[in-house]
Amino acid sequence: MSIGHTLLGLLESGPRHGYDLKRAFDEQFGHDRPLHYGQVYSTMSRLLKNGLVVVDGIEAGDGPERKRYAITDAGITDVQQWLATPEKPEPYLQSTLYTKVVLALLTRRDAADVLDTQRSEHLRSMRVLTERKRRGDLADQLICDHALFHLEADLRWLELTAARLDKLREAVTR
Amino acid sequence: MTPPAGSLLSAEQLRKAYGPTLALDGAEFSIHPGEVVAVMGPSGSGKSTLLHCLAGIVTPDSGTIMYGGRELSAMSDAERSALRRSDFGFVFQFGQLVPELTCVENVALPLRLNGTSRKEAERAALTWMERLEVDDLRKKRPGEVSGGQGQRVAVARSLVTKPRVLFADEPTGALDSLNGERVMELLTDAARSTDAAVVLVTHEARVAAYSDREVVVRDGRSRNMERAV
Ligand SMILES: Nc1ncnc2c1ncn2[C@@H]1O[C@H](COP(=O)(O)OP(=O)(O)OP(=O)(O)O)[C@@H](O)[C@H]1O
Ligand SMILES: [Mg+2]
């Protein structure tokens with residue numbers, strides 16, 4: 001999962017301080033793995049260097065968590081591109097896919113679109129495997145079937161999520 | 001309207017309402033000879049309605065459908081049913097075989113309806129039953145064969161007239177995955193060998209993986225997922 005894109009996406013609704021970003025991230029995405037402050041600062045300084053965020057104000061006191069960050073136009077474009085680019089179909093994509101869907105909802109983008117794009121990418125891999133299966137021997141068939149079932153599992157999860165987008169939108173934007 | 005170059009069957013701006021329900025709301029579609037296109041999308045999104053319009057079974061409220069240079073939407077009912085019999089083949093989720101007829105009589109039926117002699121029709125039927133690996137069932141009635149076997153018989157029947165377009169709505173929906181994939185393999189092989197176009201409605205990704213590309217229908221609107229290469 002891309003922490004950079006996720007933090008950027010969280011900034012789209014308005015500027016936030018470092019500590020506020022961490023809190024929002026943990027609340028929305030960090031169920032089993034809350035962010036370390038160190039990750040927040042290293043990520044934010046990289047985003048800053050790349051012109052995707054700017055420092056919008058600094059609170060009195062010390063410590064980098066007091067910096068307030070705002071997303072730039074380049075940052076918004078970067079989030080848009082990330083959401084529009086399907087993930088390479090690989091095992092254990094759930095956390096990235098979940099993050100993309102939630103972020104699309106939070107930023108009022110078309111989450112169904114994220115799902116369609118990903119389905120298309122998965123199907124592309126599945127067509128290649130299906131073709132190999134058709135030409136191959138039994139061993140090829142079994143190996144391809146294993147991969148096909150895993151890709152199918154991702155897709156079934158996506159379809160189910162798509163069917164529940166309205167509920168999910170309510171839950172995450174509450 | 002000008003159909004996309006090389007397309008055999010195409011539709012633009014299809015709208016179809018059932019009372020207050022807008023089943024199709026500006027859907028588009030296009031398919032080439034020999035192409036297998038999967039139609040996917042959530043339940044109730046309009047997939048079957050799109051297939052029925054393309055096949056001339058349902059008349060859209062507005063929009064145009066072009067088949068081989070002719071406007072399907074402008075034909076008379078009689079012309080359309082003649083076209084369905086001569087150029088189109090159909091497979092649905094449940095085989096819909098005639099229970100009183102034997103399997104070979106079922107497969108031969110579309111040819112008989114077109115006026116082919118019994119002997120000739122059954123000879124052609126057997127050839128297709130061999131390809132679908134169900135020729136040993138020729139004397140059995142649909143009630144005496146398994147679901148998977150019956151579905152293969154139905155696929156043989158849909159291909160016996162050598163249709164230019166095969167319409168399949170969840171053709172593997174009632175089958176387990178092994179049978180479903182075998183049916184897809186045989187169906188797409190057969191269609192490719194006769195250069196028929198296949199419009200394949202399915203919600204199963206492993207079935208859609210037998211297609212060349214997919215079209216997603218959502219709220220009555222279609223989206224071609226083919227990526228510009
Ligand atoms: N004959 C009919 N009379 C009234 N409403 C209909 C009729 N056929 C379809 N509809 C409605 O039109 C919409 C689209 O139906 P359609 O059968 O095309 O969906 P579908 O995508 O094929 O769904 P499924 O995946 O469940 O088969 C639905 O809301 C359905 O209730
Ligand atoms: Mg349907």
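The values are calculated or read from the model by the stated rules, or taken from the named source; none is laboratory data. Everything numeric here is computed off the predicted structure, so don't read it as measured data. Ideal geometry is used to build each Cβ from the backbone, glycine not excepted, and the neighbour counts take in all protein chains shown. Just so you know, the surface numbers come from the protein's heavy atoms only, side chains and all, with ligands and any DNA or RNA stripped out. Shrake-Rupley method; radii C 1.70, N 1.55, O 1.52, S 1.80 Å.
Worth a mention:
- For the residues of B:202-209, the average number of beta carbons from a partner chain within 10 Å of their own beta carbon is 6.
- The protection proxy used here, the mean number of other Cβ atoms lying within 10 Å of each residue, ranks peptides B:107-115, A:2-10, A:142-150 as follows, highest first: A:2-10, B:107-115, A:142-150.
- Interchain or long-range residues, amide H under 5 Å from B:GLY26's placed H: B:LEU14, B:ARG15, B:LYS16
- For the protein assembly as shown, share of DSSP beta bridges that run antiparallel, in % to the nearest 5: 60 percent
- Accessible surface of chain A [probe 1.4 Å, protein heavy atoms]: carbon and sulfur percent: 52 percent
- Near the amide H of B:HIS32, within less than 5 Å, lie the amide hydrogens of B:LEU8, all on another chain or at least 5 residues away, with H placed in the peptide plane.
- With every protein chain in place, segment B:1-131: carbon and sulfur % of accessible area (1.4 Å): 51 percent
- Centroid-to-centroid separation of segment A:153-170 and segment A:1-39 [C-alpha atoms, Å]: 23 Å
- Across segment A:112-129, rounded Karplus estimates of 3J(HN,Hα) from the backbone phi angles (6.51 cos²θ - 1.76 cosθ + 1.60, θ = phi - 60°) give 4, 5, 4, 5, 4, 4, 5, 4, 4, 5, 4, 4, 4, 5, 5, 5, 4, 5 Hz, Gly and Pro being marked x.
- Put simply, when A:103-112, A:152-161 are sorted by average Cβ atoms within 10 angstrom per residue, most first, you get A:103-112, A:152-161.
- Per-residue 3J(HN,Hα) values for segment B:194-207, derived from phi via the Karplus relation 6.51 cos²θ - 1.76 cosθ + 1.60 with θ = phi - 60°, read 10, 6, 7, 8, 10, 9, 10, 7, 7, 10, 9, 4, 5, 6 Hz in sequence order (x marks Gly and Pro).
- Put simply, the amide H of B:LEU97, placed in the peptide plane, has no neighbours under 5 Å, leaving out anything fewer than 5 places away on its chain.
- Convex hull volume of chain B per residue (C-alpha atoms, cubic angstrom): 128 Å³
- For segment A:91-174, the fraction of alpha-carbon pairs lying more than 15 Å apart is 60 percent, rounded to a whole number.
- Largest first and in whole Å, the equivalent-ellipsoid semi-axes of the protein assembly as shown read 51, 23, 16, each the square root of five times a Cα gyration tensor eigenvalue.
- Between A and B, roughly 1800 Å² of accessible area is buried in total, ligands, DNA and RNA not counted and the probe set to 1.4 Å.
- ³J(HN,Hα), Karplus 6.51/-1.76/1.60, whole Hz, each residue of segment A:33-43, x for Gly, Pro: 9, x, 6, 7, 4, x, 5, 4, 5, 5, 5
- For chain B, built as a Gaussian network whose Cα springs stay under 10 Å, the top-fluctuating residue of B:ASP169, B:ASP195, B:ASP212: B:ASP212
- Model label sites at B:SER146 and A:ILE58, defined 7 Å from Cα along the beta-carbon direction, differ in position by 7.5 nm.
- Ignoring lysines fewer than eight residues from B:LYS119 along the same chain, the ones with Cα atoms less than 22 angstrom from its Cα are B:LYS139, B:LYS140, B:LYS162.
- Using bins of 5 Å that start at zero, the share of Cα-Cα pairs per bin across segment A:3-84 amounts to 3, 16, 29, 26, 18, 6, 1, 0, in whole %.
- Take each residue of peptide A:120-133, count the partner chain Cβ atoms within 10 Å of its Cβ, and average: the result is 4.
- For B:212-223, mean number of other protein chain Cβ atoms within 10 Å: 2
- Taking every DSSP helix (H) stretch of at least 4 residues in the protein assembly as shown, weighting each as -39,500 (n - 2.57) and dividing the sum by the residue count yields a mean residue ellipticity at 222 nm of -15500 deg cm²/dmol.
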